[in-house]
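Where a number appears in this text, it was derived from the coordinates with a stated rule and is not lab data. Note that the structure is a prediction, hence the values are computed from the model and not measured. So basically every Cβ, Gly included, is an ideal-geometry build from the backbone, and we count neighbours across all protein chains shown.
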Amino acid sequence: MNTSSSSNFPEQPEIEKAAANWTLRLDRGLTAEEQDKYSQWLSEDPRHGEAIALCRWGWDEFDRLAGLQTTQHAKIDPDLLAPGNRFVRKSPILKFCFAVVPLAAAFAFMAVAFWPEHAEKQSVFASKSAIELIARLEQKTLADGSVIELNRGAIAEVEYSPEARRVRLIHGEANFTVAKDPDRPFIVNVAGVDVCAVGTQFNVRLKDDAVDVIVSEGIVRLATSKILNSASDVLEEPLLEVGHRAVVKLGGTPKVNRSILSPSDMDRELGWQPRMLDFDDTPMSEIVLEFNRRNEVQLKLGDSSLADIRFSNYIWSDNLEGFVRLMESNFGMRAEWHGSSEIVLRDAGKNQAR
Amino acid sequence: MSPQNVEQARWFVDEVLPHEANLRSWLRARFPAIEDVDDMVQEAFTRLLKAHDSGPIANPRAFLFVTTRNMALNQLRHMRYERPPDANEVDPLSIADEVNSPLESMAKEEELQQLILAIQALPNRCRQVMTLRKIYGLSQKEVASRLGISVHTVEAQGSIGLRKCIEYFRDHGYLAHFKT
């Protein structure tokens, strides 16, 4: 009985072929008409989403090779990687490049060292930007003010129209904070399951065999579309409220498991999301507590004099090392790593004096 | 939060941030129609960090420029602006390459080798398309004019190339890097 259902679907190689074609079209940009066709194709079969995730990942992997040739000052050469060309046969030339570059980097370093003013400017600037950038998961603010946070490896696509705000979660896990707009529902489509909201916050994770939805604010409606339901009816689920979790099993007849999470369970489930911490004239002791509550690596103050220093700053909760670097570079502290789970901050001046 | 992350932070500050000013001024000069230069640069950094997090990168500077250029062209297309007349001539990697970008340590070279071997195993046309698009960062249109073939052929050859590469990944254990 299980085998008969698979014959309705195209074979895997066919799906992968279509997915590769779409990847190339996405790479050059879709026309409006193609956009519709693409949406249609994705919704036809949950496996299409998986295949496109694989193809897009594969396509992007090759960006790692960007600029491979620049070390040689070569002109654009379509046959750079031709068999028999210089990169082949265990690539002695490539090895050569790798060996040469550290030398070039050393010269660059020397050049900077001779202009200390320039170097100093660079480092202050660097630590400031690093705070904003490092260790942050991807966050996107959409045109209407809604915010999507993508967990590592997640892929989502956004399609806004006058009637609806649609987002398709193709891979992984994401959290949505939806701006209120009663006239334009916000719909997350994930493997044939629609998660609809008007103004709310919720988390969606696409697993191998299920879609997992957790509501942290407002109300969400769940609808599993006909793709999953062979009876071809759209199955509507009762509303999900704050603290509710729904796990929709994929494949065959959709099964929805509902449960209610305690606040501490919610915290744990949604713990991957970094939070923006806003410190306004806050003593160091409190800042340390706040970081320690949210990170595995624990921060300690090695000198009691540091506890009362006050800072105004905003920083992502998962950017502990960015914070530590900032303390080191701009506030005269020194960090000591104790194993891989503890960082002790000390007053650098004090230690020097000792 | 691990020592590895600290290492990543150092790498970012040492090897990536120094290119920021260059990237910005290049982006402004080359695509004056782009308004949110900050967003775009930020996004390029995010993508670079993600890529660096999951494997080696041949040349962080080139990765940044190619990624940013792809985003810029994409956005222009959506904005329906005219392309700058010389956009087709641009080789983002040709600018300011006096100082070589530092490459990753040799220990990680293996993964880049796999990618190179996957391209090398392709039929000629596919290989050329992948090389121009990915290593030189040319757009599909530019690839077409450089090879003297139609954009449609570029798309088709690219698609075949991609499928064969994924097949190669499958046969050589590279797919283990997928599924984060």
Could you please state, rounded to a whole Å, how far the C-alpha centre of the range B:8-54 is from the C-alpha centre of the range A:30-62? 27 Å
Can you pull the mean other chain C-beta count within 10 Å for peptide A:315-325? 3
Averaged across the residues of B:117-125, what count of C-beta atoms belonging to other chains lies within 10 Å of each residue's C-beta? 4
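Per 0.36 nm of contour for each residue apart, how much would the distance between residue A:217 and residue A:328 grow if the chain were fully extended, relative to their Cα-Cα spacing?
Difference between extended and current length: 36.1 nm.
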What order do you get for B:53, A:77, A:27 when you list them from fewest to most C-beta neighbours inside 10 Å? B:53, A:77, A:27
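Report the calculated FRET efficiency for residue A:281 and residue A:207 (r = Cβ-Cβ distance, R0 = 45 Å), to the nearest 0.05.
On the way: r = 44 Å, r/R0 = 0.97.
About 0.55, to the nearest 0.05.
How would A:289, B:76 line up from fewest to most surrounding beta-carbon atoms within 10 angstrom?
On the way: A:289 12, B:76 18.
Arranged by neighbour count, lowest to highest, A:289, B:76 become A:289, B:76.
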Taking a label point 7 Å from the Cα of residue B:36 along Cα-to-Cβ, the residues of the range A:31-54 whose backbone nitrogen sits under 18 Å from it are none
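Within 12 Å, Cβ to Cβ, of residue A:158, how many net charges do the neighbouring residues add up to if Lys/Arg are +1 and Asp/Glu are -1? All intermediate terms of the calculation are to be shown ahead of the outcome.
Working: positive: A:140, A:165, A:166, A:168; negative: A:144, A:157, A:159.
Net of charged neighbours comes to +1.
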Cα-projected label distance for residue B:150 with residue B:11, points at 7 Å along beta-carbon direction, nm: 4.3 nm
Order by neighbour count: A:309, A:15, fewest other Cβ atoms within 10 Å first, most last. A:309, A:15
To the nearest 20 debye, what is the magnitude of the charge dipole of the range A:290-354 about its Cα centre, counting +1 on the Cβ of each Lys and Arg and -1 on the Cβ of each Asp and Glu? 180 debye
